[in-house]
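What follows is a single structure, written as structure tokens, with notes after it.
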Amino acid sequence: MQAASHDGLQTCIYSLDRLESPVPASSLPIEFIPPGLPVSQQCRRPPTMEAWISAVRSAAAAGFGGEPAKEPISMEIWYFYLENSIDLDNLAKPICDALKKLVYEDDRQIVELHLRKIRLGTFDAL
């Protein structure tokens with residue numbers, strides 16, 4: 001998994017995989033990097049939240065070629081930032097919601113969720 005920078009700002013990388021076989025080769029696992037700044041579940045501006053969910057969904061759709069999974073899902077989120085960061089627990093929910101009916105049927109299928117927060121310029125969290 002590699003990091004990417006969008007104008008030197010915050011970046012998230014997501015990796016999803018099914019926990020059970022059989023898995024069509026063109027479906028999961030997938031990795032994607034949505035453009036823009038991640039948005040916290042605590043965001044009080046609906047247009048900002050909607051734009052973030054749309055960006056996550058579009059980035060995932062570009063790398064996903066299958067039907068929504070019905071099996072349990074494992075998800076990994078890497079969050080890179082420069083200065084101000086958001087809480088990891090508030091970062092995950094909009095991402096999970098954005099992938100419903102696209103990558104998996106419902107976010108209740110996520111049985112394993114790994115979150116990693118890394119300040120750019122340091123490798124403390126790795």
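The values are calculated or read from the model by the stated rules, or taken from the named source; none is laboratory data. The shown structure was predicted, so the numbers you read here are calculated from the model rather than taken from an experiment. A quick note on method: Cβ atoms are made from the backbone with ideal geometry, for glycine too, and the neighbour counts reach across all protein chains shown.
Numbers below:
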quantity	calculated
Qualifying residue in region 92-108 (condition: in contact with a Cys (Cβ under 6 Å, 6 or more places away or on another chain) and either in a helix (DSSP H, G or I) or farther than 17 Å from ILE33 by Cβ (or both))	yes
Top-ranked residue of region 64-95 - restricted to ones that are of a type in the set (Val, Ile, Thr) and over 12 Å from LYS117 (Cβ atoms), ranked as farthest from the chain's Cα centre (by Cα)	ILE73
Verdict on ILE118 being surrounded by 15 or more Cβ atoms within 10 Å (Cβ to Cβ) and in a strand (DSSP E or B)	yes
Failed item in (1) surrounded by fewer than 20 Cβ atoms within 10 Å (Cβ to Cβ); (2) modelled with pLDDT of 90 or more, with ALA4 passing the rest	(2)
Single unsatisfied condition, LYS117 versus (1) more than 21 Å from LEU28 (Cβ to Cβ); (2) in contact (Cβ under 8 Å) with a residue 40 or more places away in the chain	(2)
In region 65-91, residue farthest from GLY121 (Cα to Cα) [restricted to those that are surrounded by 20 or more Cβ atoms within 10 Å (Cβ to Cβ) and free of Cβ contacts under 8 Å to residues at least 60 places away in the same chain]	ALA69
Residue list for region 65-85, filter: in a loop (DSSP other than H, G, I, E, B), within 19 Å of PHE32 (Cβ to Cβ) and not acidic (Asp, Glu)	GLY65, GLY66, PRO68
Positions within region 33-51 being without any contact (Cβ under 8 Å) to a residue 24 or more places away in the chain and in a helix (DSSP H, G or I), in sequence order	PRO46, PRO47, THR48, GLU50, ALA51
Enumeration of residues in region 52-64 that are under 12 Å from PRO38 (Cα atoms) and either surrounded by 14 or more Cβ atoms within 10 Å (Cβ to Cβ) or in contact (Cβ under 8 Å) with a residue 60 or more places away in the chain (or both)	TRP52, ILE53, ALA55, VAL56
